[in-house]
Structure formats: structure tokens, C-alpha cells
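The values are calculated or read from the model by the stated rules, or taken from the named source; none is laboratory data. Because the structure is a prediction, the values reported are computed rather than measured. Positions of Cβ are backbone-derived with ideal geometry, glycine not excepted, and every protein chain shown enters the neighbour counts. When the accessible area is computed, the model is the full protein with side chains, heavy atoms only, and any ligands, DNA or RNA have been set aside. Shrake-Rupley method; radii C 1.70, N 1.55, O 1.52, S 1.80 Å.
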Amino acid sequence: MNENESPEDRAFRAEVRDWLESNLAGEFAHARGLGGPGREHEAHEERLAWERHMAAAGWTCVGWPKEHGGRGASLRQQVIFHEEYALADAPARVNHIGENLLGPTIIAFGTEEQKARFLPPIVAVEELWCQGYSEPDAGSDLANVQTRAELRDGAWVVNGQKVWTSLALEADWCFVVCRTEPGSSRHKGLSYLLVPMKADGVDIRPIVQLTGTSEFNEVFFDGARTDAANIVGAPGDGWKIAMATLGFERGVATLGQQVGFRREFEGVLDLARRTGAIDDPLLRDRLVRSHMGLEIMRLNAVRTMAGVAAGAPGPESSISKLVWGTWHRELGELAMEVLGAAGLVADGEPYDLNDWQRLFLFSRSDTIYAGSNEIQRNIIAERVLGLPREARG
């Protein structure tokens with residue numbers, strides 16, 4: 001507890017802590033610590049039930065305005081909530097994309113009808129979401145999107161392919177960036193559509209990752225239809241809105257993500273103590289640096305949140321992505337150093353990995369997905385620092 005916290009914030013912290021302690025018990029006692037990188041599908045139904053239990057008690061979407069079903073928690077209180085959630089070793093969230101990415105985007109840019117239709121099921125954890133951005137030829141270069149949509153007979157008809165779509169198999173809906181203006185290129189002519197994943201013409205194909213799980217998926221749209229009203233903003237606004245969603249992902253959402261990061265760091269630290277690796281001065285120095293990085297990540301997320309309290313995040317949010325992606329990859333490498341030779345041996349046949357091996361393998365992707373480190377550095381240099389644009393052929 002921070003001694004500088006106001007009496008109101010201290011009371012909020014106590015409320016969060018007491019509720020988690022009382023409710024991560026009984027039928028949910030075994031939910032502690034479930035989920036996380038490389039363990040995305042672990043106990044999905046149990047974690048979903050837990051999150052719906054949270055929703056019934058008013059503990060989802062705590063930072064959303066009260067008129068949209070949230071608690072209207074201050075920035076400081078949102079930090080407190082995520083800190084206490086981590087300290088309680090509560091399970092990884094299943095509704096992260098809806099609560100932290102799509103929901104804030106709808107609040108900022110959606111119509112009143114869209115807010116009424118899509119926000120309540122997110123608050124109640126009744127509908128899960130995935131993100132339809134990347135394509136085989138449009139990963140970090142998102143402006144190269146080729147998936148197309150045509151307005152026909154009162155519906156958008158979508159054709160194309162998305163890839164690296166996290167949790168698509170569990171999702172009910174997908175927010176899809178696609179090209180709606182024939183002949184357009186790059187940032188122009190893109191739109192931001194909300195597409196039901198159970199619609200005819202949607203084909204989901206899991207991608208087996210190094211961890212042996214399939215968080216990522218290919219998604220094919222072959223004449224998939226969504227109502228004409230399921231466009232956020234006007235046709236052609238897709239790039240602006242997609243960038244705002246990425247800003248939310250790198251701002252407030254980072255706090256939720258750090259729930260798992262802090263838990264993982266504490267686990268690596270405990271492992272180093274048990275194995276004696278902490279006595280190695282070089283490894284001890286890396287552990288200290290990792291802890292410092294975690295605190296810097298938290299403070300940067302708070303700064304980003306404070307800077308966007310009145311609207312959507314700006315390009316400064318790329319700093320968050322660069323920081324957490326690099327930190328998490330290095331934590332995976334540190335875990336392997338702490339394990340030593342034992343880290344090279346699977347726990348069992350045919351490919352039974354332990355938590356630290358999964359962390360190491362999964363975190364290799366952290367500096368690539370949601371915008372590679374190279375792209376984030378370009379954004380920071382050009383749009384934040386005002387440096388000359390990189391020469392492009």
C-alpha cells in the first residue's frame with residue numbers, strides 16, 4: 001500500500017482485496033494462477049465462469065464510465081485494482097480484448113445504438129471478442145490490408161484472410177479492418193467492421209505454436225455478412241479507429257496485462273531462490289533489472305493513461321508496446337538462465353512443457369505481434385520525437 005494514497009483509494013484497495021480473498025475460495029479456489037502466455041486454453045470454462053462471477057459483483061470494466069456499466073474508477077483506482085488482482089494470483093482474464101480494446105473504442109467512436117448493443121455483453125462477459133488486423137502481407141505494415149468488404153442489400157459482405165488472430169476459436173465477434181473503397185491503397189479506404197464469428201463464410205483454422213497450443217489462428221472470410229450498422233465510424237475511418245484501438249491496447253490494457261507479468265516475475269524470482277541461482281551475481285543483477293523494468297512499465301502505463309483521460313491515446317502509446325514486448329521476452333530468457341540445463345528437458349512425452357519453457361517460447365513473439373519493435377521505434381521517432389521520416393521505396 002502506498003502511504004500517499006488518499007483515504008478513498010485506501011478504502012477502494014481494501015474493498016478489492018477483501019472481495020478477491022473472499023471469492024477466490026470454494027468453487028474458485030483452484031482458479032488461482034490459471035492461464036497466461038502459452039497456457040491460453042488452460043481451464044477456459046473455469047476462467048470464464050470466474051469472470052462472469054466478477055461481472056455479477058461489478059468487478060469487470062472498472063475503468064469504464066458508470067453510464068456504460070463500469071465503476072467509473074479513477075486512474076489510480078484502476079492501477080490499484082490490477083495490483084490487487086496480481087497479488088491475489090487471480091486467473092488470467094478471458095475478456096481482455098473486449099473489455100480493454102473493443103469496449104473503449106466503442107465508447108469513444110461508436111453510435112448510441114452500438115453502445116447499447118455491444119457494451120452490456122462485454123461487461124457481463126457474455127460475448128468474447130478477437131482482433132482482425134494482421135494478414136499474410138499486412139502484419140506490422142497494417143496499411144497493406146487487402147481484406148475487402150462491400151455494402152450489399154443492407155449488409156457488409158467480407159472477403160479475405162486474417163492471420164495471427166488471438167483467441168479466434170473462443171470469440172463470438174471480431175473487429176475487422178478491411179478495405180471498403182475499391183481502388184484505394186495504404187491508409188485510405190479502410191473501414192472498421194464488427195463481424196460475428198459464427199456467421200456463414202467464417203472459417204477459423206488454428207495455428208500450432210512453439211508452445212504446442214493454438215492461441216493464434218488463421219481466419220478466412222468467404223462472403224461473410226454483417227449488418228450495415230456494424231461499422232464503427234464512417235466508411236474510410238478505419239485507419240484512425242484502428243490506431244485508437246492500438247492505443248487503448250498499449251495504455252489502460254497494459255495494466256491488465258501486467259497482472260500476469262508481475263506474477264511471472266515473482267515466480268522466476270522464487271525459482272532463483274529455490275535453485276540457488278540467485279547467488280550468481282550476474283543473474284541477481286538481471287533479476288534486479290527485470291524488477292526495475294516491471295516498475296518502469298507500470299509507471300509508463302499510468303502516464304499513458306493520464307495523458308489520454310479525455311480521449312483516445314496518441315502515438316506515445318507505442319512506448320508501452322516497445323517496453324513490455326522487450327521486457328517480457330527478456331524475462332523468458334532469464335527464466336531459462338535460472339533453470340540452467342534443466343530448462344532443455346521437457347517434463348514428459350511427447351511435448352510436456354513446464355511453465356518457464358512455455359514462457360520462454362511464447363515470449364519470442366512479444367516483440368513481433370501488435371506491431372514489431374522496429375515499427376514502434378519508427379512511430380516514436382517520427383510521430384513523437386518529430387524526426388525525419390524513414391526513406392521508403
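Quick notes on this structure:
- Helix-only arithmetic for the chain: the sum of -39500 (n - 2.57) across DSSP H runs with n ≥ 4, divided by the residue total, places the mean residue ellipticity at 222 nm at -13500 deg cm²/dmol.
- Pairs of Cα atoms nearer than 8 Å and 6+ residues apart set the relative contact order; for the range 1-136 it is 27 percent.
- Estimated distance in nm for a label pair at Glu266 and Glu374, the labels positioned 7 Å out from Cα along Cα-to-Cβ: 3.8
- Asp89 exposes around 50 Å² of accessible area when a 1.4 Å probe is run over every protein chain in place.
- Computed from phi, the 3J(HN,Hα) profile of the range 367-372 under the Karplus parametrisation 6.51, -1.76, 1.60 (θ = phi - 60°) reads 8, 10, 6, 6, x, 5 Hz, with x in place of Gly and Pro.
- Carbon plus sulfur fraction of accessible area for the range 148-256, probe 1.4 Å, in percent: 54
- A Förster distance of 30 Å, applied to the separation of the beta-carbon atoms of Glu27 and Asp347, puts the FRET efficiency at 0.60.
- Accessible area of Leu299 (1.4 Å probe, protein heavy atoms only, ligands and nucleic acids ignored): about 100 Å².
- Net length available on complete extension from Val208 to Glu15 is 65.4 nm, with 0.36 nm assigned per residue and the Cα-Cα distance removed.
- Neighbours of Ala29 by Cβ distance under 14 Å: Lys/Arg scored +1, Asp/Glu scored -1, total -2.
- Per-atom-type breakdown for the range 1-73 gives carbon and sulfur 48% of the accessible area (1.4 Å probe, protein chains only).
- Dipole of the chain computed with +1 at Lys/Arg Cβ and -1 at Asp/Glu Cβ about the Cα centre; of Ile106, Ala171, His41, farthest Cα towards the positive end is Ile106.
- Dipole magnitude of the chain, debye to nearest 20 (Cβ charges: Lys/Arg +1, Asp/Glu -1, about Cα centre): 1100
- Between the C-alpha center of the range 167-234 and that of the range 67-92 there is a gap of 29 Å.
- Carbon plus sulfur fraction of accessible area for the range 100-144, probe 1.4 Å, in percent: 48
- For the chain, the solvent-accessible area of protein heavy atoms averages 45 Å² per residue (probe radius 1.4 Å; ligands and nucleic acids excluded).
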